[in-house]
């Protein structure tokens, strides 16, 4: 099983001050990514660490300031080469701030079923996400049918938030 391995490192430092145009609220962020590809397997891993910033970066709520860290592991396996792909993804994010991380799921942020738990816009200090799905490639990755299930678990400032999302999509780009 011969494969190709690729490593990527990205770093962002935000030197914007109060009153200046600011594209990111982060003070700084670093990510390290690894990708291993064989004929049937793809395994991607990524780690992040950074500082959410403070008033100077436009982060005025103390709960959203502080450091953050995260990890993503994404293995994929072709059940049928170049046609049917099984994928899994695990994401973890944590922060020193009570609202230092935010979920990526708009469904968990907007429509939490328990009205007694304030989801805080999907913000908390710890977040786990699990995804399992199938991709049917019609025209390589330029056109595919995607289906899957995602489970989110987050510590929000007002309590624990969980949610399950079922996915079905057709994605295309050329």
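Values in this text are rule-based calculations from the coordinates and carry no lab data. The shown structure was predicted, so the numbers you read here are calculated from the model rather than taken from an experiment.
Shape call for the stretch 4-172 from the C-alpha gyration tensor, a ≥ b ≥ c root eigenvalues: rounded (a/c under 1.5), prolate (a/b greater than b/c) or oblate? Oblate.
From Cα pairs below 8 angstrom and at least 6 apart in sequence, can you work out the relative contact order of the chain, rounded to a whole percent?
Values: 459 pairs, mean separation 25.6, N = 174.
Here the relative contact order equals 15 percent.
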